[in-house]
1. Residues that are more than 27 Å from Q264 (Cβ to Cβ) and aliphatic (A, V, I, L, M): does the stretch 424-433 have at least one?
2. I'm trying to understand the selection: among the residues of the stretch 6-20, which are within 12 Å of the ligand (Cβ to nearest atom), among the aliphatic types (A, V, I, L, M) and in a helix (DSSP H, G or I)?
3. If V177 meets every condition in (1) free of Cβ contacts under 8 Å to residues at least 12 places away in the same chain; (2) more than 16 Å from the ligand (Cβ to nearest atom); (3) farther than 20 Å from D43 by Cβ apart from one, which number is that one?
4. Please go through the stretch 292-315 and pick out each residue that is modelled with pLDDT of 90 or more and surrounded by fewer than 21 Cβ atoms within 10 Å (Cβ to Cβ).
5. Pull up the stretch 31-46, narrow it to residues that are of a type outside the set (D, E) and surrounded by fewer than 22 Cβ atoms within 10 Å (Cβ to Cβ), then point me to the one that is nearest to the ligand (Cβ to nearest atom).
6. Condition (residue is under 25 Å from H268 (Cα atoms) and among the hydrophobic types (A, V, I, L, M, F, W, C)) applied to the stretch 352-366: is it met by at least one residue?
7. Could you check, for the stretch 71-80, whether at least one of its residues is more than 21 Å from K144 (Cα to Cα), more than 12 Å from the ligand (Cβ to nearest atom) and not in a helix (DSSP H, G or I)?
8. Helices (runs of 4 or more DSSP H) wholly in the stretch 182-295 with at least 2 residues that are over 30 Å from T150 (Cβ atoms) - which ones?
Amino acid sequence: MKLNLFSTLPVRHELLKSIAALNYETMTDIQVQALPHLLKNRDILAQARTGSGKTAVFAIGLLNKLNIQSYFTQAIIICPTRELSDQVATEIRKLASTIPNTKVLTLCGGKPMGPQLASLRRDPHIVVGTPGRILKHLKIKTLKLNKIETLVLDEADRMLDMGFYDDILKIIEVTPVSRQTLLFSATYPESIKQVSKKVQRDPLDIRVESSHDIPEINEILFEVEKSHRIEMIYKIIAHYEPESSLIFCNTKQLCQQLATELKQYNIHALALHGDLEQFERDQVLTQFSSKACSVLIATDVAARGLDVTALSAVINFELSYDPELHIHRIGRTGRAGAKGLAISLFSNTERRRLEAIEEYQGAQIKITSTDTLSRPIDFKLYPPMVLLFVNGGKKEKLRAGDLLGALTASDSIIASQVGKITLFDKFAYVAIDQKVGKLALDILSNNNIKGRKFRVRRLN
Ligand code: AMP
């Protein structure tokens, strides 16, 4: 019997069905190590990076215990960002697809309170959210956590970095001591051990990320002077042609500058940094996840919680000062089995940073000669999709099907040319194959949808 098969676990049959439907064939390392104990209600303290399959670990654990007939909140997952909360909720919903009527609610800041209050009145079984907003609901008594059975702290190190320590403790104070507490963290500083001591009971300590062991990532290092780096990024993208790449810079100014300058090289890149309004941030993330932008440039802070399952390459425009952050950056490529590509640029002045990274990884990184890169001739990188902005959303009762129907009504656009459709309250985004981008814009602007005309514009 293979020990890494999900069928060896004592879990409800509905879960085995949804796991099979997701095509998870075998368990990942952390799943093998954590699930047998977690399913016996043991507290777990796990060091695991994004991509290790950690979300499924706690999702399977809490769903296995869930009593669907009892209408009260039985599990809470606290995350550092809205993006991570959404990602976690999506994974839980997928795994719960075979357990009818499971109610999962996200409670995040930056979102209106009204819909959250309405959903809370319907007693969600599972709540996922960010500390500030969860605390707000606890204060106004719209959320009750006095009967929860599972509490998860996801990316706990990030939450501490972001100053959420007090908020987290205030939330935990109102939960029963009998709860199971699961703590996940990519790094393992002293502060994490202290939090664990405070909120966990005899946790099983699991570490799947050995800093010496990142076998599925092809790590390439180029020595380049700072003044030549933008041109170098162009050469790298032209040579490797990654379908999607995330470039890390240490400052927001540099992110913006690089995005602007890459445009002159015919590379459509977008910058993601802390100065963006939530609306702009959503727009950038939607463009990237809909393949309407192939290159995203971000600071470490802005990239937190980003859903990056299909990232073909991570590029470090400059090395991070912190070796752990370096591992965190490059860990975003090569997730769940696919081989990743991590390319870093450095110059002599950054040699100390390189040495720290090598020491941390326990291995030297070979410097590759820049001559190995092919000389780009007329290279242009335009994304495969364009993104359309529609000035109507859920409030106008608009559904994805209405937009898809309007686009495909005349047969000049086929359904496979329509990509992700994302609906917000007051607007919607439609990704569309760039070959029919102009046509789609005309169709959506000139036809009545749900009995009215919407204003539509192209974003990229
Ligand atoms: P996470 O580390 O939770 O962010 O998971 C990374 C990705 O791996 C997600 O897209 C999961 O859906 C996927 N995943 C989780 N467990 C497995 C598994 N056992 N086999 C294949 N993919 C998995």
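1. The initial filter retains those residues of the stretch 424-433 that are more than 27 Å from Q264 (Cβ to Cβ), namely 424-428, 430.
From what's left, aliphatic (A, V, I, L, M): 428, 430.
Scanning the stretch 424-433, I find at least one residue that is more than 27 Å from Q264 (Cβ to Cβ) and aliphatic (A, V, I, L, M), so the answer is yes.
2. Restricting attention to the stretch 6-20, the residues satisfying the condition of being within 12 Å of the ligand (Cβ to nearest atom) are 6, 9, 18-20.
From what's left, among the aliphatic types (A, V, I, L, M): 9, 19-20.
Of everything in the stretch 6-20, those that are within 12 Å of the ligand (Cβ to nearest atom), among the aliphatic types (A, V, I, L, M) and in a helix (DSSP H, G or I) turn out to be I19, A20.
3. (3)
4. Filtering the stretch 292-315 for residues modelled with pLDDT of 90 or more gives 292-299, 313-315.
Hit for the stretch 292-315 is T299, nothing else.
5. Across the stretch 31-46, the extreme among qualifying residues is V32.
6. Of the residues in the stretch 352-366, the ones under 25 Å from H268 (Cα atoms) are none.
The answer is no, given that none of the residues of the stretch 352-366 is under 25 Å from H268 (Cα atoms) and among the hydrophobic types (A, V, I, L, M, F, W, C).
7. Of the stretch 71-80, the ones more than 21 Å from K144 (Cα to Cα) are none.
No: the stretch 71-80 contains no residue that is more than 21 Å from K144 (Cα to Cα), more than 12 Å from the ligand (Cβ to nearest atom) and not in a helix (DSSP H, G or I).
8. Values: elements: 190-199, 229-240, 252-264, 278-289.
Filter on the stretch 182-295 gives 229-240, 252-264, 278-289.
The values are calculated or read from the model by the stated rules, or taken from the named source; none is laboratory data. In this text the structure is predicted, and so the values were computed from the model without any measurement. Cβ: placed from backbone, ideal geometry, glycine included. Neighbour counts: every protein chain shown.
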